[in-house]
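A short worksheet on the structure shown next.
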Amino acid sequence: MATDDMAVPANFELVWGVHEIAKLIGRTPRQTFHMLSKGELPARKVGGRWVAERGKLIAFFMEAA
């Protein structure tokens with residue numbers, strides 16, 4: 001198995017948890033949880049915790065602007 005196939009892009013960074021995602025997007029944890037629960041943010045639950053890719057969150061808000 002080649003390691004190149006599994007290389008992680010340099011801009012790939014995960015943001016774990018509602019509080020950290022909230023800090024990144026400038027919202028309260030409560031607002032962020034509501035948005036996550038409704039599927040309004042590009043994130044998913046992993047092992048009971050919300051996780052999002054930093055680049056995708058930033059791109060999501062740049063497209064909306």
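The values are calculated or read from the model by the stated rules, or taken from the named source; none is laboratory data. What you are looking at is a predicted structure, and each value in this text was computed from that prediction instead of being measured. When we count neighbours, we look across all protein chains shown, and the Cβ atoms used for this are built from the backbone with ideal geometry, even at glycine.
Residues are listed down the side, and each one gets a yes or a no for (1) loosely packed, with under 15 Cβ neighbours inside 10 Å; (2) modelled with pLDDT of 95 or more; (3) hydrophobic (A, V, I, L, M, F, W, C):
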position: 6; (1), (2), (3): yes, no, yes
position: 11; (1), (2), (3): yes, no, no
position: 16; (1), (2), (3): yes, yes, yes
position: 19; (1), (2), (3): yes, yes, no
position: 25; (1), (2), (3): no, no, yes
position: 37; (1), (2), (3): yes, yes, no
position: 45; (1), (2), (3): yes, yes, no
position: 61; (1), (2), (3): yes, no, yes
position: 65; (1), (2), (3): yes, no, yes
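Whenever a residue of the stretch 17-44 is farther than 14 Å from residue 61 by Cα and free of Cβ contacts under 8 Å to residues at least 12 places away in the same chain, its partners that are of a type in the set (Val, Ile, Thr) and outside any helix (DSSP H, G or I), lying with C-beta atoms within less than 8 angstrom and at least six residues away or across chains, give the pairs 44/51.
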